[in-house]
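The values are calculated or read from the model by the stated rules, or taken from the named source; none is laboratory data. In this text the structure is predicted, and so the values were computed from the model without any measurement. Ideal geometry is used to build each Cβ from the backbone, glycine not excepted, and the neighbour counts take in all protein chains shown.
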Amino acid sequence: MASLDSVRFKIDWAYQHIKALEIELSRHFHGEPRGEIEVDTIIGSLSAEVTPIPSVVPLLIGDCLQNLRSSLDYLVWELVLAAKKKPSKNNQFLICHEVDTFKSQVERGRLNGISDEALIEIERLQPYHCGDKWMQAPLVILDELCNINKHRRLLLTKAEYRGILADLDRNFGNAIKPLIPVGDGATDIGISPPVRDEEEMKTKGQSDLSVVFNEGAVRGEEVCRCLGGLGRVISEWVIPRFERFFE
């Protein structure tokens, strides 16, 4: 009997990988992703060292992405069953940024067996409807990241500085705690605290980090937030369009 249960299981399993990723990052960075600052300095710059990202991180990211992408292929399989047809190995959920490519893939039997109404819904989801912004379409991002992870290599990530929370201990006893914004991947941060010329200060604290993607359309995007967003697109925007075929 046709059902969306297997589709939702895949999506739920993807969310489990996001939770595991959050736990791993929190454990590794002791709560918030941070780099320790252990530098005494005079007015000029601070330096921070970043703890390397655990090797399991790209594996968890890849597993999450593959489960999200597989949920869409499972959807097509179940749509064929819902139409009282027999699925085949050629069935696949299409993600195309060109109309001709979509038509060509349909002719190859990727959507054979689904109802005409379901085919229309899948066509409406195609990224080419986004025009020149098709590369920013969530389904394209999902497909691109999955292809990199599945066919090429592990996805690239990095720890990126958001800012530094530092204690600037001045010699007359006062202290300030500025949040110093930091650029892309910087490890040396110029500062100008309100102290007198030549006044020496001791600096210690922590730097807020964000683990981000380092390639593709999501370069610079925080990994857990990005994966969660892709999951919501599928669970809250894509799947509801097809629920009527299983009533």
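Could you check residue 101 against (1) modelled with pLDDT of 95 or more; (2) of a type outside the set (A, V, I, L, M, F, W, C); (3) within 24 Å of residue 12 (Cα to Cα) and say which number it fails?
Unmet condition: (3).
Would you pick out the residues in segment 67-88 that are over 22 Å from the mean Cα position of the chain (by Cα), of a type in the set (D, E, K, R) and buried (at least 18 other Cβ atoms within 10 Å of the Cβ)?
78
Can you list residue pairs whose Cβ atoms sit under 8 Å apart, with the first residue in segment 53-69 being farther than 12 Å from residue 149 by Cβ and the second being modelled with pLDDT under 95 and among the β-branched types (Val, Ile, Thr)? Count only pairs 6 or more apart in sequence or on different chains.
53/157; 53/211; 57/157; 57/211; 57/223
Cβ-Cβ distance below 9 Å, separation of 6 or more or different chains: which pairs start in segment 106-119 with a residue that is within 11 Å of residue 94 (Cβ to Cβ) and among the β-branched types (Val, Ile, Thr) and end on one that is buried (at least 16 other Cβ atoms within 10 Å of the Cβ) and modelled with pLDDT under 95?
none
Identify, by number, the condition in (1) surrounded by 18 or more Cβ atoms within 10 Å (Cβ to Cβ); (2) of a type in the set (A, V, I, L, M, F, W, C); (3) within 25 Å of residue 233 (Cβ to Cβ); (4) modelled with pLDDT under 95 that residue 59 doesn't meet.
(1)
For segment 209-242, which residues satisfy the criterion of being closer than 23 Å to residue 71 by Cα and of a type in the set (Ser, Thr, Tyr)?
235
Tally up the residues in segment 213-247 that are buried (at least 17 other Cβ atoms within 10 Å of the Cβ) and aromatic (Phe, Trp, Tyr), please.
Of the residues in that region, 3 qualify.
Quick check on my filter: what residues within segment 89-113 are more than 26 Å from the chain's Cα centre (by Cα) and assigned to a loop (DSSP other than H, G, I, E, B)?
89, 90, 91, 108, 109, 110, 111, 112, 113
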